[in-house]
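> Dropping a structure here in structure tokens format, bear with me for questions.
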Amino acid sequence: MQDFVAALPKAELHVHHVGSAAPDTVARLAARHPDSPVPSDPEALAEYFTFTDFAHFIEVYLSVVDLLRTPEDIWILTHEVGRDLAAQNVRYAELTMTPYTSIARGIAAEAYVEAIEDARRAVERDFGTALQWIFDIPGESGLPAADVTLDTALRLQPDALVGFGLGGPEIGVPRPQFAPHFAAARAAGLHSVPHAGESTGPQSIWDSIDELGAERIGHGIAAAQDPALLERLAADGIVLEVCPTSNVCTRSVPSLEEHPLPSLVEAGVTVTINSDDPPMFGTTLNAEYEIAAELLGLDEAGLRALATAAVDASFAPEDLKSWLRSEIEAASA
């Protein structure tokens, strides 16, 4: 099974740019910025990336964000994230980008976009993996961050930008306040993909659907608590981007054995499997597929179906989707 998963061509829909920084990348950046609390020893990072709760995870995450202080830092990170995805046979990924956190630290929006777009082209050239972007609002920074995120998206219009999201903590960050920003993004042709129902209950998912026009939901595991919501998700084809290990590491669920993934699937909800912030959670997309296979009792055909579901739910061009489906069907260990 492990060999089959490794060989399986995959698409990833819920993976964060900064959260994908490999330990050696983080350590190198920390060494360049010794005023940071982030350890420059890769081994010490494992302990640093042990989270007590979701709020602590956000605190640590933002400390890593603070290591990205120049457009060159952004380029290096993006290129190395693409390299690490390609090493897992990820052929296509929609990276969740948070431009506001870099812009707020002094990197011009234009320089940020130029860096990620140039790195994206280099990733496709060097590793054969296609990247597209989801620009997300860091919810903890409120409406000013939403304004900057929307402006960067609509004014600069990066070639690979396909989605508009909302991340960060859910507690104290009501989804409806961002409705005008999502309406403007959708009017400009961007897809709505907010996080919801990870560390709070089902209401944030309802709000994301009804107020933000969500087409996919980041995490969404709290839907398992609400039969009516499960029916809505299944009936409307709203896909959940599930990240099992992440949910355990942030204490959103007690253990993998108690993860609601099987309940979501049994209710007819379409799910995709993702890694979220893989080095921070000590995981990979391949490992998450193996976990899903265990939780759902999947054989090779089931894993192919899971990989195809991610392709189908993606915002990739149709010709790329068609090619990926063929590659998945032909996969063997």
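The values are calculated or read from the model by the stated rules, or taken from the named source; none is laboratory data. Because the structure is predicted, anything quoted here is derived from the model rather than measured. Don't worry about glycine lacking a Cβ; one is built from the backbone with ideal geometry, like all the others, and counts go over all protein chains shown.
> When L306 is evaluated against the numbered criteria (1) within 20 Å of Q2 (Cβ to Cβ); (2) part of a loop (DSSP other than H, G, I, E, B); (3) not acidic (D, E), which criterion, by number, is the only one it fails?
(2)
> Among residues belonging to segment 6-57 that are among the charged types (D, E, K, R) and modelled with pLDDT of 90 or more, point out the one that is surrounded by the fewest Cβ atoms within 10 Å (Cβ to Cβ). Spell out the reasoning first.
In the first step, residues of segment 6-57 are kept if they are among the charged types (D, E, K, R); the result is 10, 12, 24, 28, 32, 35, 41, 43, 47, 53.
With the extra rule that they be modelled with pLDDT of 90 or more, the set shrinks to 10, 12, 35.
On the way: K10: 29, E12: 26, D35: 6.
Filtering segment 6-57 for residues that are among the charged types (D, E, K, R) and modelled with pLDDT of 90 or more, the one surrounded by the fewest Cβ atoms within 10 Å (Cβ to Cβ) comes out as D35.
> Report yes if E110 is surrounded by fewer than 20 Cβ atoms within 10 Å (Cβ to Cβ) and in contact (Cβ under 8 Å) with a residue 40 or more places away in the chain, otherwise no. So that I can check it myself, show each step before the final result.
Values: surrounded by fewer than 20 Cβ atoms within 10 Å (Cβ to Cβ): yes; in contact (Cβ under 8 Å) with a residue 40 or more places away in the chain: yes.
Yes.
> Could I ask something else about it? Only one of E257, E241, E170 is charged (D, E, K, R) and assigned to a strand (DSSP E or B). Can you tell me which?
Values: E257 fails: assigned to a strand (DSSP E or B); E170 fails: assigned to a strand (DSSP E or B).
Result of the check over E257, E241, E170: E241.
So that you can scan it fast, the table gives a plain yes or no per residue for (1) over 18 Å from the mean Cα position of the chain (by Cα); (2) in a helix (DSSP H, G or I); (3) closer than 22 Å to P194 by Cβ; (4) basic (K, R):
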{"position": "H79", "(1), (2), (3), (4)": "no, yes, no, no"}
{"position": "E94", "(1), (2), (3), (4)": "no, no, yes, no"}
{"position": "D126", "(1), (2), (3), (4)": "yes, yes, no, no"}
{"position": "L143", "(1), (2), (3), (4)": "yes, yes, yes, no"}
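> Turning to a different aspect of this structure: What number of residues in segment 210-260 are out of contact with any helix residue (DSSP H, G or I) (no Cβ under 7 Å at 6 or more places or on another chain) and of a type in the set (A, V, I, L, M)?
Residues in segment 210-260 being out of contact with any helix residue (DSSP H, G or I) (no Cβ under 7 Å at 6 or more places or on another chain) and of a type in the set (A, V, I, L, M): 3 in total.
> Determine which member of the set H14, H56 is in a helix (DSSP H, G or I) and within 19 Å of the chain's Cα centre (by Cα).
H56 is the lone residue from the list that is in a helix (DSSP H, G or I) and within 19 Å of the chain's Cα centre (by Cα).
> So L233 fits all but one of (1) surrounded by 21 or more Cβ atoms within 10 Å (Cβ to Cβ); (2) closer than 20 Å to T98 by Cβ; what number is the exception?
Only one criterion is unmet by L233, namely (2).
> Considering only residues that are β-branched (V, I, T) and not in a helix (DSSP H, G or I), look in segment 197-237 and name the one that is nearest to E258 (Cα to Cα).
Narrowing segment 197-237 to residues β-branched (V, I, T): 200, 205, 209, 217, 221.
Subsequent filtering for residues that are not in a helix (DSSP H, G or I) retains 200, 217.
Values: T200: 17, I217: 20 Å.
The residue in question is T200.
> Among the residues that make up segment 82-92, is at least one of them under 16 Å from the mean Cα position of the chain (by Cα), closer than 30 Å to A222 by Cβ and hydroxyl-bearing (S, T, Y)?
Yes, segment 82-92 contains a residue that is under 16 Å from the mean Cα position of the chain (by Cα), closer than 30 Å to A222 by Cβ and hydroxyl-bearing (S, T, Y).
> Six or more apart or on different chains, Cβ atoms under 8 Å: show the pairs whose first residue is in segment 61-77 and closer than 17 Å to A108 by Cα and whose second is charged (D, E, K, R).
Matching pairs, first to second residue: V65/R105; D66/R105; L67/R32; L67/D73; L68/R105; R69/R105; P71/E114; W75/D118.
> Looking at this structure, is V162 within 19 Å of the chain's Cα centre (by Cα), in a helix (DSSP H, G or I), under 16 Å from T98 (Cβ atoms) and at pLDDT 95 or above?
On the way: within 19 Å of the chain's Cα centre (by Cα): yes; in a helix (DSSP H, G or I): no; under 16 Å from T98 (Cβ atoms): yes; at pLDDT 95 or above: yes.
It is false that V162 is within 19 Å of the chain's Cα centre (by Cα), in a helix (DSSP H, G or I), under 16 Å from T98 (Cβ atoms) and at pLDDT 95 or above.
> All but one of (1) of a type outside the set (G, A, S); (2) crowded, with 22+ Cβ neighbours inside 10 Å; (3) under 16 Å from the mean Cα position of the chain (by Cα); (4) in a helix (DSSP H, G or I) hold for N286, so report the exception by its number.
Evaluating N286 over (1) of a type outside the set (G, A, S); (2) crowded, with 22+ Cβ neighbours inside 10 Å; (3) under 16 Å from the mean Cα position of the chain (by Cα); (4) in a helix (DSSP H, G or I) leaves (2) as the failure.
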